[in-house]
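**Student:** Take a look at this one; I'll ask things after.
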Amino acid sequence: MAEKKFIFVCCGAGKLTSFMAAEGIKKGLKEKGIIKDVKIQHGLISEVPRYESQIDILVCSTNYRKKHAFPVLNGMAFVVQDKEGEEKLINELVEILKDIN
């Protein structure tokens, strides 16, 4: 069995906005039929270094400019309920996941 890809969703406090984005991403990837191949976890932006060696994709619901070897995406669309932005992010995630499989 292939190892699940790890998406870490973060925000400043690791509570509400990262949770909202993570749940939206889970729903969107489930609709695309690829949720079983992905592990999604939400938390603090300060936890990124802790998970850095495991992260395949980082989604932040805050401004984050640090460079990493993995893609860093903005997840604010799920916080502000921007349906077009949500769909764009899900499609971006699907394409990235295809490329890293």
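Every read-out reported here was derived from the displayed coordinates using simple, explicitly stated rules and does not represent laboratory data. Quick caveat, the model's predicted, so the values are computed rather than measured. Because the Cβ atoms are built from the backbone with ideal geometry, glycine has one as well, and the counts that use them run over all protein chains shown.
**Student:** State which entries of K32/K88; K15/K98; K27/K88 exceed 23 angstrom in Cα-Cα distance in the structure shown.
**Tutor:** Beyond 23 Å between Cα atoms: K15/K98.
**Student:** Just going by the charge dipole of the range 6-53, with Lys and Arg at +1 and Asp and Glu at -1 on Cβ, which of L44, G24, C11 is farthest out on the positive end?
**Tutor:** Of L44, G24, C11, it is G24.
**Student:** Just from the alpha-carbon atoms, what are the Rg and Dmax of the chain in angstroms?
**Tutor:** 12.3, 37
**Student:** Order by neighbour count: F8, F70, fewest other Cβ atoms within 10 Å first, most last.
**Tutor:** Ascending Cβ contact count within 10 Å gives the list F70, F8.
**Student:** Shifting gears a bit: Please get the size of the charge dipole for the chain, origin at its Cα centre, with Cβ charges of +1 on Lys and Arg and -1 on Asp and Glu, quoted in debye to the nearest 20.
**Tutor:** The dipole of the chain has a size of about 220 debye.
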